[in-house]
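The block underneath contains the structure these notes are about, expressed in C-alpha cells.
The values are calculated or read from the model by the stated rules, or taken from the named source; none is laboratory data. The shown structure was predicted, so the numbers you read here are calculated from the model rather than taken from an experiment. Neighbour counts run over all protein chains shown; Cβ positions are idealised from the backbone, glycine included. Keep in mind that these areas ignore ligands, DNA and RNA; they rest on the heavy atoms of the full protein, side chains included. Shrake-Rupley method; radii C 1.70, N 1.55, O 1.52, S 1.80 Å.
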Amino acid sequence: MDIKTDDFTIKNVHLVKFNNYIYLSDGYLEIIGSNKSFEGMSLNGDIDGDSFLNISMAGDPFKIENQKHILLDNGYLYKVKTHKNSSLGIYIKYQVNGEEKIVVQNYRLEDIIKPLVRTSVED
C-alpha cells in the first residue's frame, strides 16, 4: 500500500493481520516534485479510533540524496482488535517550504490488509 500526500509518498507499506495483531512493515519516503524543504513530520494511525502508530521526525527526512528514506525499517507488531468492517485512519502532519500541512486518510482494512500465509520448506 502507498500513502500519498501532495508532497511525498510513503511507499510499500505492508499490513498483515494475525488474530488480534497487526504487523506493519517496510515503508519508505519518496518526494514528489522538487525545490521542497521539509521541516519535521509526524505520522499517526488508528484502527477504529484505537491508536496504534505514532512516528515523529525532526528536520528534513529527505536530506540524504540518492537514498531510500526508510520510515518503517524493522517492522512493528501491534495488538489491535479488528472486525470485518474495521477502518484504518492515517494522520500526517508536516511542514514544507514553511507551510504546515495536515493530511487525513481513511482505508477499509479489508481492502488493504494482507492475509497471513503460512509456508513450509521441505527438505
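Tell me whether the stretch 25-42 contains one or more residues that are assigned to a strand (DSSP E or B), in contact with a Ser or Thr (Cβ under 7 Å, 6 or more places away or on another chain) and under 26 Å from Asn85 (Cα atoms). There is no residue in the stretch 25-42 that is assigned to a strand (DSSP E or B), in contact with a Ser or Thr (Cβ under 7 Å, 6 or more places away or on another chain) and under 26 Å from Asn85 (Cα atoms).
Residues that are open to solvent by 70 Å² or more (accessible area, probe 1.4 Å), in contact with a strand residue (DSSP E or B) (Cβ under 6 Å, 6 or more places away or on another chain) and part of a loop (DSSP other than H, G, I, E, B) within the stretch 54-64 comprise just one, Ala58. Of all residues in the stretch 38-53, those that are open to solvent by less than 20 Å² (accessible area, probe 1.4 Å) and within 13 Å of Gln105 (Cα to Cα) total 3. Of the residues making up the stretch 69-98, just one is part of a strand (DSSP E or B), open to solvent by 100 Å² or more (accessible area, probe 1.4 Å) and at pLDDT 80 or above, namely Lys79.
So which residues in the stretch 5-35 are surrounded by 14 or more Cβ atoms within 10 Å (Cβ to Cβ) and more than 18 Å from Tyr78 (Cα to Cα)? Don't jump to the end; show me each part of the working.
Keep residues of the stretch 5-35 that are surrounded by 14 or more Cβ atoms within 10 Å (Cβ to Cβ), which gives 5, 7-17, 21-31.
Those that are surrounded by 14 or more Cβ atoms within 10 Å (Cβ to Cβ) and more than 18 Å from Tyr78 (Cα to Cα): Thr5, Asp7, Phe8, Thr9, Ile10, Lys11, Asn12, Tyr28, Leu29, Glu30, Ile31.
Selection of the stretch 99-111 for residues being in a strand (DSSP E or B) and either open to solvent by 100 Å² or more (accessible area, probe 1.4 Å) or without any contact (Cβ under 8 Å) to a residue 60 or more places away in the chain (or both) yields Glu99, Glu100, Ile102, Val104, Asn106, Arg108.
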